[in-house]
Structures are given as structure tokens and as C-alpha cells.
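Structure record follows, encoded as C-alpha cells.
Derivation of every value follows stated rules applied to the coordinates shown; laboratory data play no part. Being a predicted model, the structure only gives us computed values, none of them experimental. Heads up, the Cβs are rebuilt from the backbone with ideal geometry, glycines too, and the neighbour counts pull from every protein chain shown.
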Amino acid sequence: MSKLLQAPALRSYIAHILEASGSAPAEAATVAANLVLANLSGHDSHGVGMVPRYVDAVREGGLQPNTAVRVTLDSGTLLALDGQRGYGQVVGEQAMQLGIERARAHGSCIMTLGHAHHLGRIGHFAEMAVAQGLVALHFVNVLSRPVVAAWGGADGRFGTNPCCIGVPLKGREPFILDFATSRVAQGKMRVAHNEGRRVAPGYLIDPQGRPTTDPGVVVVPQDGGQGPGDGSGSGEKGAGGGAHPPQGLFGALLTFGEHKGYGLAVACELLGGALSGGGTWHRPADTARAVLNGMLTILIDPARLGTQATFEQEAAAFVDWLQAGPVAPDHDAVRLAGEPERQARAHRHRAGIAIDDTTWAEIQAAAQKVGAPPIQGF
Ligand code: NAD
């Protein structure tokens, strides 16, 4: 069962809860818009289902409402920023605005952002850059719970570390590649577990490091209700909910692409975590509800690189060539990254956003927790 809501109504309701949780109206509106856009884009794991966890993180002090990004170093094309545990949807946008200004002025910008609370869908930041004609690369680590195993390792050692590349394409929709380096989002494992399903081989290992198709090995038992976790909608309860079992009782997610995806996940930890100053994960799981992200962003203005004309022609020629190929029997089209999200947006803008009953109950519980006055229809 699920509840079907139109985006504007859902945005207002979520903003209402966030305001009751301590955010100024502008912040609440920005965070709500970002979360609803993730739902519209088809990534429910990074949508409004995060609100219960954000509410808990604010109450614990791990997430600081009404906090702006702080510039710790500014040398023109190099920017180092501290998110100061503010809402990632807010400090992430502030950081991108600064970085975009620099890339427009100088041709490029290398920017680090440490200690941001959950940045959500990283593609949002690439979309901001490509809208200004810039190429964007993002490497991100997640400080929440070590749920992904190293290639050759037998337990979780790091998070779902996302990587994102945005490329503007003249006269066409942009290329927006945006993915977790784990084979699958942890939130999808909770859904499968709740539905009593097994998952395909190659996603998971059990607490002994053996391959398994049981999604329960990465799902922390709940004390009634679930909340997203590990920056990808995992649903474990921390402080204020059930305590985590000892780490040895968990299995782990595997990275995509075997040793290659694993290498990219480590690169995200080293660049997004260590280089940004935000920190890397090197401790057992704890019970904190905050999800912190570190991000390295590289922005390039093709117009300033002197290759604009070739870039536009060659990119278009390649995309045409790609899409002129035959379609494989079990596929309906050859798509470019970014297209599925745009299609989902068009569809969900019309048809509405379906929120499953468990997620909806948790959102309402969060609203009650912060004393948000009831709104008719919700
Ligand atoms: P996913 O597996 O759905 O992959 C999404 C990417 O693949 C997109 O770029 C999409 O356009 C592309 N894609 C999908 N189908 C395609 C097709 N048929 N042809 C071509 N390209 C196709 O995504 P995911 O790994 O589940 O990640 C989901 C979201 O979670 C991302 O937005 C990511 O940034 C976010 N995330 C955030 C955090 C965090 O801590 N902030 C952590 C992990 C993931």
C-alpha cells in the first residue's frame, strides 16, 4: 500500500515538519524541494523518507539547522569549505554557487567541502553546474555506518560513497552520471527484506564473508518503523531507537564492478573524505543518526579551455553514434545517464509521488516528535 501525493503538496508538508524541527522557512523550503526532487527523479532512497532521520539527527545535535558553509581557504581557483554539519541540501548548494562563480571567472575550480550533513542526490549539484555550461566531477564519502566491503574483504569497512560526472551537451539534455559505488543502495535491501524477498547473487556477503542472497544481513532490526541510513536509505535506528548489534553480526554490500568499483569507492573516501578535511571512516559502527558527507568537486568551463567547438561537435557525434547502434533484445533503447531521472520526473509530475505506508507512518511520527501542527489532508 502507498499514499499518492502531488509534488507541491508534499513539498509544503515536508517544509512544515522541517520548520517545526528548527529550520528557518527558507532552509526548510530548500531542503524540502531537494528531497521531493529526489523522489520525482525516481530516487526515493534520497527523498522525503530521509526526514525522520534528519529530525533525529537535529535532536541529537549531529545536524545543525540554519548553518551556512564556511570558507576555510580561498586562493581563486582553489576553494576549501566547511559545511559545519549544516543541511547538505543547503551548504551543498551554497558551495556549488561559490564554485560555479570561480569556474566562470577563471575557467576551472577545485573545491572541497567537508562536514556537510547528508548531501542527498549528488546529481543535483552536477545539474547546477551543467545548467551554467560547466563540466562537473564529484567524489563523495559517507560517514554513517561501514556497510560496504572491500574487494577481497569479509566485512563492511566504508559507506556507499557516490561518484558523479555531469557534462553539458549543446542543444541536448546533459549527461548526468550519478551512482553509489555499492552494487545497490542499502535502502533497496531493507525493502526486499521487509517483503521477504531474496536478491540477485553478487550483491551481498554474510557475516562470515560468504556470498548470500539474504538482504537481512545488512538490515538492522527495528524497534518499530524504519529510517534511512548510510546516506542511501538503509533504515537502521540509532540513538533513540534500537541499539546496533555488534558489527560482527552484520554482512555487507559489495561494490559494483568488482575490484574496479572498489577502487573507485576508495578514491571517493580518499578524495571526498581525506582531501576535503571531512575525515574518513576508520572505526566500528556507532549509533549516531547524523550522516556526514565529504565531497571533492572539480568544475571546468569548456569555453575557457579553448576546445569548446570541438567539444560540442565531438560530443554530439559520439552520442549520435552511440544511439544509432542496434538495441539489445532485452532492452528498449540505448540511453544516456540522466535520461531515466528526467523520464521519472515527467511521469511523477503528472502521476504523483507514491510514498509507501511504512515511510509515511515514519514521516508522520517525525512530525509528531517535533510538534508540527497537523495539516488537513496529511
Ligand atoms: P542507480 O543505480 O539508479 O544509477 C543511477 C545512474 O545510472 C544515473 O546516472 C542514471 O541516469 C544512470 N542510468 C540508470 N539506468 C540507465 C540506463 N538504462 N542507461 C544509461 N544510464 C542509466 O543509482 P544508485 O547507485 O542507487 O544511486 C542513487 C542516488 O543515491 C544517487 O543520486 C547518488 O548520488 C545517491 N547517493 C547519495 C549518497 C550520499 O551519502 N549522499 C550515498 C549513496 C548514493
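If you place +1 on the Cβ of every Lys and Arg, -1 on the Cβ of every Asp and Glu, and leave all else neutral, what size is the dipole of the chain about its Cα centre, to the nearest 20 Debye?
Values: 30 positive and 33 negative charges, 45 e Å.
It comes to approximately 220 debye.
Using Cα pairs closer than 8 Å and at least 6 residues apart in sequence, work out the relative contact order for region 47-166, in percent.
18 percent
For n ≥ 4 DSSP H runs only, could you compute -39500 (n - 2.57) per run for the chain, divide by its residues and tell me the 222 nm figure to the nearest 500? Mind showing how you got there, number by number?
Numbers: 11 runs with 133 residues, N = 378.
Calculated at 222 nm, the ellipticity per residue is -11000 deg cm²/dmol.
Restricting things to Cα coordinates, could you compute the convex hull volume per residue of region 112-214 in Å³?
On the way: hull volume 13.8 nm³, N = 103.
In region 112-214, the Cα convex hull volume per residue is 134 Å³.
With unit charges on the beta carbons (Lys and Arg positive, Asp and Glu negative) and the dipole taken about the Cα centre of the chain, which residue among GLY377, ALA328, ALA80 sits farthest to the positive side?
Among GLY377, ALA328, ALA80, the one farthest towards the positive end of the dipole of the chain is GLY377.
Place +1 on the Cβ of every Lys and Arg and -1 on the Cβ of every Asp and Glu in the chain, take the dipole about the Cα centre, and give the residue among GLY133, GLY202, HIS347 whose Cα lies farthest towards its positive end.
HIS347
For a footprinting-style exposure proxy, rank ASP301, ASP320 by other Cβ within 10 Å, fewest first.
Working: ASP301 21, ASP320 10.
With the fewest neighbours first, ASP301, ASP320 line up as ASP320, ASP301.
No solvent, one uniform scatterer per C-alpha: report log10 I(q)/I(0) for the chain via the Debye equation at q = 0.11 1/Å, two decimals.
Calculated log10 I(q)/I(0) at the listed q: -0.77.
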